[in-house]
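So the structure is just underneath, and the comments pick up after that.
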Amino acid sequence: MHISISLAALITLASAAVIPDPELDRRQEDAVITWRDCTWEKGLLEADLDEMQALARKAAEHVDTTPELFRAFFGQEPPRTNIRDSTIKKRYTAVSNFKSKPKKSVTIRCNTDSIPACKPANHVVAADKGGPNIYICNSYWHTRKDALLRKMSPSRHPLRYGPLDEYIPIGSQLMHELTHVWFITEDHNITNPASGQIENVYGHRNSLLLARESAQKARENADNYKMFAIASYFDSSHWSVDPDRLSGDPEL
Ligand SMILES: *[C@@H]1O[C@H](CO)[C@@H](O)[C@H](O)[C@H]1NC(C)=O
Ligand SMILES: [Zn+2]
């Protein structure tokens with residue numbers, strides 16, 4: 001009796017010591033990964049998810065170790081933001097543990113011909129904001145051939161100011177979608193300063209431009225997570241942190 005009271009007291013103490021985390025970043029204990037309509041695809045996707053996790057692991061490290069790169073993609077932590085620097089690190093850590101400890105259930109769906117999100121021919125992968133679905137579109141399998149992280153050789157990295165956009169691993173595309181599912185990220189828009197056109201914030205330059213315009217929006221934007229992870233994975237010193245200085249710019 002004495003022991004069970006002590007245990008109960010201990011358990012109460014232990015749960016009281018856990019600081020309630022109101023953020024979305026909290027893990028659901030019953031979260032699972034479900035596969036739907038995937039057969040031969042599953043083994044390949046498992047490998048791609050390993051690459052996604054490797055990218056996320058590097059990004060989580062680089063939040064602290066390469067502050068200049070981090071600020072370039074996420075800006076200076078805004079006062080009273082709900083997405084602090086530490087939140088971003090936690091998000092990457094959560095992605096790096098996707099398979100072993102999913103923080104929220106995800107359904108990975110193959111053979112998505114009839115899914116509207118996969119109708120635009122260029123869509124490689126898509127997701128429902130807030131989940132649970134990640135759709136593997138048909139063009140995924142074409143894109144994947146030249147987009148395996150393990151086949152991207154660091155020695156082939158471009159010189160300074162080279163755009164990261166030539167090095168988009170398929171695992172980073174999965175990461176982009178997973179951030180829509182888990183962290184309710186957006187695909188923000190930005191006005192292209194050169195053309196005046198409104199564009200989605202995808203890719204190296206637009207991610208840097210968005211971070212310069214609004215740190216809060218950058219922290220909400222799916223591709224900023226993707227691009228910072230790619231830059232982190234490869235030798236970060238090669239990558240431009242200045243949207244006005246990327247190779248391919250006419251003035252360079
Ligand atoms: C970006 O623009 C598109 C097209 O106008 C719009 O549908 C979408 O909601 C915009 N995204 C955000 C995050 O505002
Ligand atoms: Zn998106």
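What the table shows:
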| item | result |
| --- | --- |
| Those residues of the range 221-248 which are among the small types (Gly, Ala, Ser) and either modelled with pLDDT under 95 or within 16 Å of GLU166 (Cα to Cα) (or both), in sequence order | ALA229, ALA231, SER232, SER236, SER237, SER240, SER247, GLY248 |
| Members of the range 169-194 that are free of Cβ contacts under 8 Å to residues at least 40 places away in the same chain and away from ligand 1 (no atom under 16 Å from the Cβ) | PRO193, ALA194 |
| Counted residues, the range 180-200 - those being out of contact with any strand residue (DSSP E or B) (no Cβ under 9 Å at 6 or more places or on another chain) and within 11 Å of ligand 2 (Cβ to nearest atom) | 0 |
| Matching residues, the range 114-128, being surrounded by 15 or more Cβ atoms within 10 Å (Cβ to Cβ) and over 20 Å from the mean Cα position of the chain (by Cα) | ILE115 |
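The values are calculated or read from the model by the stated rules, or taken from the named source; none is laboratory data. Keep in mind that this is a model prediction, so the values were computed, not measured. Glycine gets a Cβ as well: all are built from the backbone with ideal geometry, and neighbour counts include every protein chain shown.
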